[in-house]
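Visitor: I have a structure I would like to understand better, so I am pasting it below and will then ask my questions one at a time.
A short reminder: the numbers here are calculations on the coordinates, not readings from a lab. Everything numeric here is computed off the predicted structure, so don't read it as measured data. When we count neighbours, we look across all protein chains shown, and the Cβ atoms used for this are built from the backbone with ideal geometry, even at glycine.
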Amino acid sequence: MQMRPWFGDEEKKAISEYMDEDGFITEFKRTEKFEQMIAEYTGAKHCIVVNNGTVSLTLATMAAGISAGDEVIVPNFTMIATPNSVKMYGAEPIFVDVERETLCLDIDKVRAAITPKTKAIMLVTANGRYPKSGVEAFIALAKEHNLKLIEDSAQSLGSFYPDGRHIGTVGDVGSFSFSAPKIISTGQGGCIVTNDDAIAARVRRLKDFGRSGGGNDIHSEIGFNFKFTELQACIGIEQMKKLAWRVERKKEILKRYQSNLKDVTAVRFFEQDLDSTTPWFIDVMVDRREELQDSLKAKGIGTRVMYPPINKQEAYQLPGEHEVSNLVGEEGLWLPSAGQLTDKEIDRICRAIIEFYDE
Ligand SMILES: *Cc1c(COP(=O)(O)O)cnc(C)c1O
């Protein structure tokens, strides 16, 4: 398997303890505590959890003032949830290519894609990495054109910019996901982080039917139901306690792969700043991708091809050739990335890769 869920007895015990209380299960104190833990860890003023990391992007952008017909610049290499989250309410994702070294948005191409209809840039910090151009350049560009900067930091919990600020907290609003493969998981789940009081208040209304206050039936605007549950929060709290260790382990795993495979020119790593950022997956570009996958599979080693260029997905079918995302579509591969991997297992995987290219 390329990725395995990572829960233990602590989660089991927390749920069982909660169930012995007279709880409502829907979001309440445990959820608040989970939100506080994330706010504290990331340094964000506000954290609001919702039922997944796609809806969190939908609400983040809506609360930032994006609406139907607006253009939002997104990378052509990302999980498809990034563009789909704004499609949900009729905004238009505009696909822009990414940098070869980091797979984050290429700022020159972003600048060229801005039109009078552009309202936001969605910066996806791919695998915890930040763009080579630096996030400051994105903040400046957004300011210059009066755009919102939204950070899709679904893959970046535990990753910081070099100035020490947590990824997701420097734009107008950021979003994380707690889906099964992410560094911490609540099965499904996501959250919005922001330092903007108005955006936070609007997200809280939008996720709770547009209620003007908790539990009342006075609706100041049209909202929906994207609430969390206490059972997920019980798991999330225990997962947050394990985050610091996971961050360290994920870094060690990448270092071990890099060192084992340093002489293999057929396997190329991206530029990951391990002082500040945490790789979520082990992503590489490889020669003879399909053959390598088959050879590893025969040895019981699971891999997964990275996201294809989104503009060429049947769901979008948009014209344009985006060089880097096209290349990822041909060469990008996720190697086994589970946090539970032992050094011995990593060494075995690397030996299998070396043997394949030596043949
Ligand atoms: C995982 C992910 C999402 C979606 O999160 P879900 O919780 O699965 O809805 C969005 N964007 C990126 C970059 C992701 O990796």
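Visitor: Which order results if Leu231, Leu335 are arranged by neighbouring Cβ count within 10 Å, fewest first?
Guide: Least to most surrounded, the residues fall as Leu231, Leu335.
Visitor: Cα-Cα pairs above 31 Å in the chain: how many percent? Working shown, then result.
Guide: Details: 22389 of 64261 pairs.
It works out to 35 percent of all Cα pairs.
Visitor: While we're here: Please give, to one decimal in nm, the separation of the simple spin-label points placed at Met1 and Arg351, each 7 Å out from Cα toward the Cβ.
Guide: 2.4 nm
Visitor: Beyond 13 Å, what share of the Cα-Cα pairs of the stretch 206-268 is found? Please give it as a whole percent.
Guide: Counting pairs separated by more than 13 Å, the tail of P(r) holds 75 percent.
Visitor: For the pair Tyr41 and Glu271, what calculated FRET efficiency results from E = 1/(1 + (r/R0)^6), where r is the Cβ-Cβ distance and R0 = 30 Å, to the nearest 0.05? It would help to have the intermediate numbers written out before the result.
Guide: Details: r = 25 Å, r/R0 = 0.83.
Efficiency, rounded to the nearest 0.05: 0.75.
Visitor: Taking a cut-off of 14 Å between Cα atoms, list the aspartates and glutamates near Lys297, but don't count ones fewer than 8 places away on the same chain.
Guide: Cross-link targets: Glu355.
Visitor: For Gly223, list long-range residues whose amide hydrogen, built 1.01 Å from N in the peptide plane, is under 5 Å from its own amide hydrogen.
Guide: Those qualifying (amide H under 5 Å, at least 5 residues apart or on another chain) are Gly210.
Visitor: Of Lys13/Lys344; Lys262/Lys344; Lys45/Lys250; Lys241/Lys299; Lys119/Lys227, which pairs sit farther than 25 Å apart, going by alpha carbon to alpha carbon? Walk me through the numbers on the way to the answer.
Guide: Details: Lys13/Lys344 30 Å; Lys262/Lys344 17 Å; Lys45/Lys250 27 Å; Lys241/Lys299 35 Å; Lys119/Lys227 27 Å.
Cα-Cα > 25 Å for Lys13/Lys344; Lys45/Lys250; Lys241/Lys299; Lys119/Lys227; rest within.
Visitor: Let me ask another. Could you tell me the calculated FRET efficiency between Glu359 and Asp163, based on Cβ-Cβ distance and R0 = 45 angstrom, to the nearest 0.05?
Guide: Efficiency for this residue pair is about 0.45.
Visitor: For Ile222 and His145 in one chain, what is 0.36 nm times their gap in residues minus the Cα-Cα distance, to one decimal in nm? Could the numbers behind the result be given before it?
Guide: Values: separation 77, 0.36 × 77 = 27.72 nm, distance 2.89 nm.
That pair, Ile222 and His145, stretches by 24.8 nm at full extension.
Visitor: Could I ask something else about it? GNM on the chain, C-alpha springs below 10 Å: top fluctuator among Gly187, Gly53, Gly134?
Guide: Gly134
Visitor: Estimate the FRET efficiency between Leu327 and Lys87 by the formula 1/(1 + (r/R0)^6), using the beta-carbon distance for r and 30 Å for R0, to the nearest 0.05.
Guide: 0.75
Visitor: Each label point is 7 Å from the Cα along the Cα-to-Cβ direction; what then is the distance between the points at Lys344 and Asp22, in nm?
Guide: 5.2 nm
Visitor: Among Ile121, Ile183, which comes first, then next, by fewest other beta-carbon atoms within 10 Å?
Guide: Least crowded to most crowded, the residues run Ile183, Ile121.
Visitor: Separate question: Under a straight-distance cross-link criterion of Cα-Cα below 16 Å, which aspartates and glutamates are reachable from Lys87, leaving out those fewer than 8 residues away in the same chain?
Guide: Output for Lys87: Asp70, Glu71, Asp152, Glu314.
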